[in-house]
1. Go through the range 202-226 and give me each residue that's under 30 Å from Ala273 (Cβ atoms) and free of Cβ contacts under 8 Å to residues at least 12 places away in the same chain.
2. Could you look through the range 207-252, keep only residues that are assigned to a helix (DSSP H, G or I) and within 25 Å of Met129 (Cα to Cα), and pick out the one that is nearest to the chain's Cα centre (by Cα)?
3. Checking the conditions here, which among Leu216, Leu184, Leu130 is open to solvent by less than 90 Å² (accessible area, probe 1.4 Å), among the aliphatic types (A, V, I, L, M) and within 22 Å of Met87 (Cα to Cα)?
4. May I ask you to list the residues in the range 62-100 that are open to solvent by less than 40 Å² (accessible area, probe 1.4 Å) and more than 27 Å from Val158 (Cα to Cα)?
5. In the set Leu172, Leu160, Leu124, which member is closer than 20 Å to Ser251 by Cβ and under 15 Å from the mean Cα position of the chain (by Cα)?
6. For the range 252-290, give me the residue count where each residue is of a type in the set (S, T, N, Q), surrounded by 14 or more Cβ atoms within 10 Å (Cβ to Cβ) and either under 27 Å from Gln214 (Cα atoms) or in contact (Cβ under 8 Å) with a residue 40 or more places away in the chain (or both).
7. Out of everything in the range 235-247 that is under 20 Å from Thr122 (Cα atoms) and out of contact with any Pro (no Cβ under 7 Å at 6 or more places or on another chain), what residue ends up being surrounded by the fewest Cβ atoms within 10 Å (Cβ to Cβ)?
8. Quick one: which residue in Trp210, Trp152 is aromatic (Phe, Trp, Tyr) and modelled with pLDDT of 90 or more?
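The values are calculated or read from the model by the stated rules, or taken from the named source; none is laboratory data. Values in this document were obtained by computation on a predicted structure and should not be read as measured data. Backbone-built Cβ (ideal geometry, glycine too); neighbour counts: all protein chains shown. Surface accessibility is based on the protein's heavy atoms, side chains included, excluding ligands, DNA and RNA. Shrake-Rupley method; radii C 1.70, N 1.55, O 1.52, S 1.80 Å.
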Amino acid sequence: MAITLSGDQALPGPPLSSRLTPPQVWGIVLLAPYLLVFLAFVVYPVGYGLWLARAPSNYVALYNDPIFARAAVNTLIFLVIGINIKMLIALFLSGFFAVQRPWIKWLSVIFILPWAVPSIPTILSVRFMLNPEWGMVNHLIFSLTGDDGPNWLNDPTVALSMAIAVHIWKSLPFWTLILITGRLAISHDLFEAAEVDGASWWQKFRYITWPSMQTLYVTCTLLSMIWTLGDFNSVYLLTGGGPADLTHVLSTLGIRYLRLDQLSLAMASIVCAMPFVLPLVYFMMKRLSR
């Protein structure tokens, strides 16, 4: 702010540093590195990707590419089937692991291993197990029946089903842990009162557990949908998008275009996932703001 004396004469106000308190100065100093990292690794890549995908001809080419249509359908199947099965299993497993038993602790350690171990070795291990010639699964089938096992990843439907199963197996422990915390937050007095009244386990779940966990369950489902849209590992490491590029999802389709030196199409295919992501983000933030 300038201090006016008379006419056009004015004195400059005090410098910005003198108008800021020490906590405000330290706040700016500590916030600056985060802003630089955010601009360099979030704003710039997203803006550059949108700039590469700006041409309408990119979306015309995607529309005319049958692989893109198949990838969009696969993404919807992956979301609808994979997430609902995963969250339902996590909901009921959270009740199993919430039981106070000594052996539950040791079992939970084994259960959490798929999520704790990095994706590359675990998913590649599954891929090697499903190998039709020397994989462990077909070797076990041959030992028990004398027949050769199927080529698991050569059929698009079976391959996509296996990718969904791997995604569920890999991320199930995390969501189970989240829902366990929701169960443990429910007052035990409610269950004791229901026990006295002779309520069955289903009535306890329907009238006590589910109403108490409904908001957490829906929020976790929305967040899981957002993360699953970006799940690159489950499909690409297991099937590579094959056979014949028929198991691609939107998160892996961009890699296919990059391998074909079609950078603009790769960015456009990622932009096409935004109509899926933005409504989910909106509904999740709306629920969290209640």
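1. Gln214
2. Thr228
3. Leu216
4. Ser94, Gly95, Phe97, Ala98
5. Leu172
6. Qualifying residue count for the region: 3.
7. Gly242
8. One residue alone meets the criteria, Trp210.
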